[in-house]
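Have a look at the structure below before the remarks.
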Amino acid sequence: MATNFRVYWKNAQVFQGLPTTGAGSAAGDPVVANGDLVGINLWGTGAGQGIPADSDYGMVALDGTAVVDVTLTGDVTEGSPLYITGANEITDAADDGAGVNYILFGYADEPGGTATERIGVRIKAQVNA
């Protein structure tokens with residue numbers, strides 16, 4: 001079970017098609033589900049109560065504030081937008097510099113500097129996900 005929440009989630013859903021290895025597959029990892037929904041993998045893919053073992057199913061928290069590793073290209077302040085890449089990594093960059101836009105994941109819950117830092121991230125509001 002994900003233990004990296006500062007403010008626990010209220011809404012979670014089971015999704016298929018989650019990563020089964022690497023970033024996004026473990027409990028507490030940021031993930032993109034169904035192409036544009038973002039959240040935190042709660043149990044790890046293919047694990048948890050009611051989730052088929054060894055599958056690409058997982059329970060994803062769609063809100064709350066999680067403390068995760070964020071790759072920062074500059075200083076961020078509380079409320080700065082943070083994005084998730086195609087590799088399920090969180091960054092303050094809105095795109096890869098070559099025209100590929102990232103998906104808005106949420107907002108910084110605390111300031112951070114230029115480096116990879118572990119900071120709180122408020123998952124963006126996703127009504128009726």
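Any residue at all in the range 84-103 that's outside any loop (DSSP other than H, G, I, E, B), aromatic (Phe, Trp, Tyr) and in contact (Cβ under 8 Å) with a residue 12 or more places away in the chain? Reasoning before the result, please.
Residues of the range 84-103 that are outside any loop (DSSP other than H, G, I, E, B), as a first pass: 84, 90-91, 95, 101, 103.
Restricting the remaining residues to those that are aromatic (Phe, Trp, Tyr) gives none.
Checked the range 84-103: no residue is outside any loop (DSSP other than H, G, I, E, B), aromatic (Phe, Trp, Tyr) and in contact (Cβ under 8 Å) with a residue 12 or more places away in the chain.
Answer yes if at least one residue in the range 42-56 is not hydroxyl-bearing (Ser, Thr, Tyr) and not in a loop (DSSP other than H, G, I, E, B), and no otherwise.
No: zero hits.
Modelled with pLDDT under 95, small (Gly, Ala, Ser) and surrounded by fewer than 16 Cβ atoms within 10 Å (Cβ to Cβ): does that describe Ala87?
Answer is no for this residue.
Is there a residue in the range 65-77 that is in a loop (DSSP other than H, G, I, E, B), loosely packed, with under 13 Cβ neighbours inside 10 Å and on the phi > 0 side of the Ramachandran plot?
No, the conditions are met nowhere in the range 65-77.
Test Gly46 against the stated conditions and say whether it is over 30 Å from Thr114 (Cβ atoms) and in contact with a Ser or Thr (Cβ under 7 Å, 6 or more places away or on another chain).
When the stated conditions are applied, Gly46 passes them.
The values are calculated or read from the model by the stated rules, or taken from the named source; none is laboratory data. For clarity, every value in this text was computed on a predicted model and none was experimentally measured. A quick note on method: Cβ atoms are made from the backbone with ideal geometry, for glycine too, and the neighbour counts reach across all protein chains shown.
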